Amino acid sequence: MAEDPLGGGAGCPQHPVPSASHGSFPEYELPELHTRAFHVGAFGELWRGRLGLRDLSLSEPRAAEQPADGGASDNGLDDAAVAGDLGCSLEAAAELRVVCGLDKLRCLDEGEDPEVIPENTDLVTLCVRKGLLDYREENITIDRACRQETFVYEMESHALGKKPENPEDMIGEGELILSVNILYPVIFNKHREHKPYQTMLVLGSQKLTELRDSICCVSDLQIGGEFSSTPDQAPEHISKDLYKSAFFYFEGTFYNDKRYPECRDLSRTIIEWSESHDRGYGKFQTARMEDFTFNDLNIKLGFPYLYCHQGDCEHVVVITDIRLVHHDDCLDRTLYPLLTKKHWLWTRKCFVCKMYTARWVTNNDTFAPEDPCFFCDVCFRMLHYDSEGNKLGEFLAYPYVDPGTFN
Amino acid sequence: MEIPADAGTRPVGPGTLAGVGTPPGLQTDCEALLSRFQELDSVRFEDFAELWRSMKFATIFCGKMRNLKKNMFTKEALALAWRYFLPPYTFQIRVGALYLLYGLYNTQLCQPKQKIRVALKDWDEVIKFQQDLVNAQHFDAAFVFRKLRLDRAFHFTAMPKLLSCRMKKKIQQTEVTQKFKDPNDRVMKLITSDVLEEMLNVHDHYQNMKRAISADKSMPDKALSLVKEDFFDNIKNIVLEHQQWHKDRKNPSLKPKLKDGEEDSKGTSQEPERCERAVSLAKIKARAFSAVAQVSKSRRHRQAKLDSSDSDSGSGQGQGKAAKKKRTRETAAEPTERKRASRSRGNAQNEQKEEKSLHLSMPIIAEEEEETYDFIEAEFTATKRKRKR
């Protein structure tokens, strides 16, 4: 048997990590829903063992490097490479280059606009699309992308192809990228079927704590207490700085954040509860979140896991995909974990100006028509304090952090 | 070519992102291209490119798709084409799918280009295929694959698609297009009608010989009765039974229907399922018997072919093919629905799964006022409508 043409040695499916090969070959447990548990790092090893350097390469494509006028000699080199890989003659390789050229696939003539659907088409897809376009033309006054669509697209693509300024921050070849969906904790009735979530891309070599630090949740920003007499002192104590404990739960193990002395083991109550009556959950393990990278984990793709912080703010976490990094991905390691999708939340506006996002909420407010009532900072101060900053009237004021803060 | 019923009539929410799943019509188009390629009986890229150009297949990306939609459409198209590139499809279809991937990947309008997702479990199969291509000296196909790989057209992934535990209204079933499928039944390979015919001949010959040497020329001597008289009928029945079982297993209720559609367009679609099975069983039997009886020894090779492509008996007849295919589609549409219903009723395991995902869903908390803006991917309209406020 000839060697694998791209030098991957993949012709013979031998597992490079024999001991881990069974546990790291992802396969369905429930079809279309989730896989069996497998080891992330070993899975990456399996792929790398099957692929050649050229598959994993993150360098610029050759065409961009070489000047266009070197075409003839280029072709010669290419032909030789093709002949070598496929085991055919040089003439055959040259012929292949012509026969299989991309120009053989061109369907539009010069000048033809790809936006316009050609008239006499047999393609069903195009007929369907034409129907939609006609419908749009009849019913819609302005045909353009709405804010949300633009937003989603920009979130998805903003980092694509970014290269680091410092070459040391370049992602290594063969690195894994995991897509992690983090669901929002509060689920309203209208989200019965579509759970809002944000999607992050993390690298296999990153620590769990790096993901934890990049998860934005309003409960980290809450400010406890009533501040009607001293509104200027409010923003000093946010929950994130006060309550630093958190854990991830993956496959029977609680990964607790223990980076700071004041961190508590949030998982202890759960484990004690589970063990006290032998509830059939088996033995849970605990580990330190900061000691583990994603490559070290055993996970099931598509399976719901948990991130818990602030004592009881619980986010379901789903790892939807793992793949090798590609040349077109964001290659700047410092930009990961990379947010690629975010749910757009409706913000609560100030009751007075109806323009800015609320920063304060009041109860028993003699000036307010509603209880509770929301204000932006400017309107709140203008309404409730005189020019010297003295409190007017009776009210209780609490700092308010809107869930839409991260929009 | 006809447009699916919901194309023009139902306003599927103009500009909606159409959620997940294959865009309407795309599968029809791809299969049309592949089946034309199949008819050509060729694996040459030149022939494929000719078809591609005559169908103007690259224009599939035309028509005012905005960036987000364009990306999604391209992803889906590549994923769809990829499916035909893997077993159980025939060698020729797989080559066609490879060319199709090559075409779609290189003519897409996305910037940067969308990639083809390859799952780890499929890769060994792909490499084996590449090796087969080289060994069989199909250099154009091997060249195309090599080029895709060099262009880094692939995302090397864990699974074919993104997985998520979310509640699903319906799980999309990917049907294997029978026409493109490689028949891989080993029993049927072993005992072809060829073999059956041979057996019958030998058996007859044996009986005749026995009669010839017996005292009574009309009846073989009792002492010579060493094999069961009816062994041939038995083995034939067993083979038929197996054939039927194999089909039933592959395609619980769809298959008998399909057969019906092919054989008899008047359609016994109202008939109850069980009756149908009996009918189609009888038909297969009748056909097998008649074939074995009729075909002379000299035409044996022709017959073997006819039998092995049993499931697409119509494909040889070129002309009536398009019509036949349409008919099959129509009959197939209804049972698919019924199948879904019956499956969710009957299959306890499935039901459990459904329930399980229900348990996974979040508690329902009484809503406050206008809380979060519901940004549902599948439903948000991508275009600005006249505001009603």
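So the values come out like this:
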item	result
Label point distance in nm, residue A:407-residue A:147, each placed 7 Å from Cα along Cα→Cβ	0.5 nm
Local electrostatic count, residue A:365, Cβ distance below 10 Å [Lys/Arg +1, Asp/Glu -1]	-3
Percentage, to the nearest whole number, of Cα pairs in the stretch A:113-190 over 22 Å apart	61 percent
Gap separating the Cα centres of the stretch A:272-306 and the stretch B:52-124, nearest whole Å	39 Å
Positive-end extreme of charge dipole, the stretch A:101-161 - chosen from A:117, A:155, A:107 (charges on Cβ)	A:155
Helix axis angle, A:147-157 relative to chain A longest principal axis, alpha carbon, degrees	50 degrees
Net charge of Cβ neighbours under 15 Å - reference residue B:226; Lys, Arg +1; Asp, Glu -1	+1
Candidates A:354, A:391, A:104: whichever shows maximal mean-square fluctuation once chain A is modelled as a Gaussian network with Cα springs under 10 Å	A:104
Contour excess over end-to-end distance, with Cα ends at residue A:334 and residue A:346 and 0.36 nm allotted per residue	1.3 nm
Helix-only CD estimate at 222 nm, as mean residue ellipticity for chain A, using -39500 (n - 2.57) per DSSP H run (n ≥ 4)	-7000 deg cm²/dmol
Local electrostatic count, residue A:88, Cβ distance below 12 Å [Lys/Arg +1, Asp/Glu -1]	-3
Relative frequency of Cα-Cα separations exceeding 17 Å in the stretch A:360-406, percent	30 percent
Share of carbon and sulfur in the accessible heavy-atom surface of the stretch A:332-407 [1.4 Å probe, %]	58 percent
With all protein chains modelled, accessible area of residue B:150 [1.4 Å, Å²]	50 Å²
Gaussian network model of chain A, springs between alpha carbon atoms under 10 Å - residue of A:156, A:210, A:388 with greatest fluctuation	A:388
Rounded to the nearest 10 Å², the accessible area of residue A:108 at probe 1.4 Å	40 Å²
Inter-centroid distance (Cα atoms) of the stretch A:175-233 relative to the stretch A:345-407, Å	24 Å
For the stretch A:149-342: accessible area per residue (Å², 1.4 Å)	45 Å²
Rough spin-label spacing in nm, given labels placed 7 Å along Cα→Cβ, for residue A:162 and residue B:136	4.7 nm
Potential lengthening between residue A:259 and residue A:312 on full extension [0.36 nm per residue; Cα-Cα distance subtracted]	17.2 nm
Heavy-atom accessible area ranking, 1.4 Å probe, most first, across A:158, A:315	A:158, A:315
Accessible surface ranking that places the most exposed of A:377, A:296, A:321 first, with a 1.4 angstrom probe	A:296, A:377, A:321
Accessible surface buried once A binds B (1.4 Å probe; total of both sides; Å²)	10600 Å²
Solvent-free Debye scattering, log10 I(q)/I(0), computed from the Cα coordinates of chain A at q = 0.10, 0.14 Å⁻¹	-0.98, -1.36
Exercise: per-residue mean of other protein chain Cβ atoms within 10 Å, A:274-282	0
Calculated FRET efficiency for the pair residue B:50/residue A:54, C-beta based, R₀ 25 Å, to 0.05	0.20
Relative contact order, percent, chain A [alpha-carbon distance under 8 Å, six or more residues apart]	19 percent
Residues residue A:28 and residue B:199, FRET efficiency given R0 of 30 Å [Cβ-Cβ distance, rounded to 0.05]	0.10
Tilt relative to chain A, helix A:124-139 - C-alpha long axis, 0 to 90 degrees, to 10	40 degrees
Folded to 0 to 90 degrees: helix A:71-86 orientation relative to chain A principal axis, Cα	90 degrees
Separation of the residue A:89 and residue B:40 label points, Cα + 7 Å toward Cβ, nm	2.5 nm
With all protein chains modelled, accessible area of residue B:199 [1.4 Å, Å²]	50 Å²
Shielding of A:80-88 by partner chains, average beta-carbon count, 10 Å	4
Ranking by accessible area, most exposed first, for B:128, A:244, A:258 with a 1.4 Å probe	B:128, A:258, A:244
Exercise: per-residue mean of other protein chain Cβ atoms within 10 Å, A:320-331	5
Extension gain from residue A:273 to residue A:75, taking 0.36 nm per residue of separation minus the Cα-Cα distance	64.3 nm
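The values are calculated or read from the model by the stated rules, or taken from the named source; none is laboratory data. Since we're looking at a predicted model, the values are computed, not measured. Virtual Cβ from ideal backbone geometry, glycine too; neighbours counted across all protein chains shown. Surface areas here come from the heavy atoms of the whole protein model, side chains and all, with no ligands, DNA or RNA. Shrake-Rupley method; radii C 1.70, N 1.55, O 1.52, S 1.80 Å.
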